[in-house]
1. If you place +1 on the Cβ of every Lys and Arg, -1 on the Cβ of every Asp and Glu, and leave all else neutral, what size is the dipole of region 30-88 about its Cα centre, to the nearest 20 Debye?
2. Mind checking the full-extension length gain between Lys360 and Asp424? Use 0.36 nm per residue of separation minus the Cα-Cα distance, one decimal, nm.
3. Give the peptides 160-172, 101-113 in descending order of average Cβ contacts within 10 Å, highest first.
4. Kindly rank 409-418, 293-302, 438-447, 328-337 from highest to lowest mean number of other beta carbons found within 10 Å of each residue.
5. What FRET efficiency would be calculated for the residue pair Lys265, Ser155, taking the C-beta separation as r and a Förster radius of 30 Å, to the nearest 0.05?
6. Going by a ≥ b ≥ c, the root eigenvalues of the Cα gyration tensor, does region 30-88 fall in the rounded group (a/c under 1.5), the prolate group (a/b larger than b/c) or the oblate group?
7. Would you mind calculating the gained length between Glu408 and Leu206 on full extension (0.36 nm times residue separation, minus the Cα-Cα distance), in nm to one decimal?
8. Mind checking which lysines have their C-alpha under 24 Å from Lys410, skipping anything on the same chain fewer than 8 residues away?
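Just so it is clear, none of the values below were taken in a lab; they were calculated from the coordinates. None of these values were measured; they are calculated from a predicted model. Please note: Cβ atoms are built from the backbone with ideal geometry, for glycine as well, and neighbour counts cover all protein chains shown.
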Amino acid sequence: MPPLADPMLFDPSFELTSALCVKSTKSWSVQKSSDLYRVGGWGAPYYKINSRGNMAVRPFGAKTAPNDEIDLMDTIREVVASQDNITMPLIIRFPDIVKNRMDTLQSAFDRGIARHRYSGRFQGVFPVKCNPDRYLIEEIVSHGRYINFGLEAGSKPELLLVMAAMCRASNDAFLICNGYKDVEYVEMALVARTMGLNTMIVLEQLEELDIVIKVSNQLQIRPVIGVRAKLSTKHAGHWGETSGEKGKFGLSTSEIVQVVKRLRKVDMSDCLQLLHFHIGSQIPSLSIVREGVSEAAHIFCELALMGANMNVIDIGGGLGVDYDGTHSSSSDMSIGYNMEEYAETVVEAIKDATVQKNVKQPILCCESGRALVSHHSVLVFDVFSAHKNGGTGSDRGISYNIDGLPEELKYLRDDFARSLDNGDPECILMCAKKLKNESTRLFKQGLLGLEEATVPQLIISIYPSSSPFRIVGPSVSSFHLYLCIDWRVSRLRESSSLISHATVTERL
């Protein structure tokens with residue numbers, strides 16, 4: 001296989017110019033790399049830039065010892081050197097990160113339960129639709145035996161996968177059956193109970209109740225039933241569209257009451273044991289979590305008071321990931337809380353409702369997906385090219401003394417020239433944007449020539465508002481949090497035996 005790239009490009013003391021030649025820049029540092037890419041925000045505590053300028057993986061989070069850190073460039077070099085048929089792109093998985101995330105989630109709820117003297121316990125499940133990779137599922141089931149961690153299925157293929165995997169799970173672990181259910185789906189879920197699996201069939205449509213009653217009578221298998229509630233609570237973010245009273249999944253409160261009455265008529269009230277809801281993925285703030293969980297907790301209490309054998313409240317997904325490292329509740333790509341605060345809010349809201357209604361405190365369950373596995377895999381791909389922003393006008397052959405400008409642009413040009421003299425970056429950018437927008441407007445009206453309209457666009461490219469580098473690579477889309485390795489900052493060296501900490505699979 002050909003070398004990954006010119007070795008000079010991996011030295012952080014070099015940078016690419018706009019002409020794709022290399023020049024020295026001794027001012028670059030590891031800290032500047034970390035700050036530029038916000039590694040300390042989105043990556044902590046699992047990723048950092050080490051003293052060699054390479055991305056380092058910390059598989060045990062904050063508890064990772066220095067000698068357990070994995071230099072990602074060393075691992076990539078070892079993989080490429082050891083197997084001739086390995087080509088880019090490839091995924092490197094770190095199973096220990098998944099285990100650490102599971103332990104962190106369990107510990108967060110355990111501490112919240114102890115702090116609020118909550119009488120129930122916590123049991124998580126992983127939604128396999130988030131990542132159905134066989135090796136990942138096996139790792140979750142194996143490690144989950146010690147904390148009764150289960151799986152969630154949302155379709156018949158997923159249910160088959162989950163049934164096979166959970167034969168090795170804890171007997172108390174939940175197998176949550178969500179999604180559309182026909183006769184075959186319900187039959188499979190009930191047969192899973194005869195295999196000793198703790199299966200719970202969650203009703204998402206009212207007509208599914210009749211199917212469950214009919215099939216359970218035919219097979220003579222007593223089901224455990226849950227209902228998914230449509231809450232009025234929703235969040236306005238990108239992933240909140242399926243939540244709220246008009247969401248297409250779940251039952252309204254009136255439909256839930258019908259379920260209770262129907263089960264009472266056929267002497268199956270004891271079968272209704274779980275309430276499930278899903279506010280939406282990537283919930284940005286704790287205020288939304290608190291509002292939604294509180295609403296659902298009161299529905300749970302009312303079902304118990306109506307005679308249902310309520311034991312479990314499943315808060316669904318929603319625990320987010322700080323993708324952009326800003327720790328902001330106003331961004332679709334970030335969250336304004338940590339796992340500890342999330343668990344604390346859930347426990348407190350459910351306890352308050354159960355105490356108020358004098359109802360037994362249930363087992364807490366959540367279906368966190370991205371929060372558990374997003375950090376555990378890294379996509380590595382070849383960099384096709386690099387473009388450097390910044391520089392001066394003379395570097396691009398630009399003169400600010402443009403002949404024949406309309407009067408509307410002359411004063412903007414003069415403002416831009418004065419801001420350059422003053423050296424205020426924010427003012428320079430603002431003036432450049434105004435100049436560009438006005439020139440575009442005039443060009444659309446036929447009042448400005450093509451050559452004159454192009455100059456403001458070149459000017460604004462010299463004074464960008466974002467990162468000084470743009471790396472061009474393949475377009476990718478996945479639930480994984482991908483680390484795009486900056487080959488300008490990272491360096492290669494002779495590898496050591498570090499690959500034992502990672503599972504490497506080639507991406508097709």
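1. Result for region 30-88 is approximately 300 debye, rounded to the nearest 20.
2. Full extension of this stretch gives 16.7 nm more.
3. 101-113, 160-172
4. Highest-to-lowest ranking by the protection proxy: 293-302, 328-337, 409-418, 438-447.
5. 0.50
6. The shape class here is prolate.
7. Working it through step by step, the gained length comes to 66.3 nm.
8. Lys433, Lys434, Lys436, Lys444
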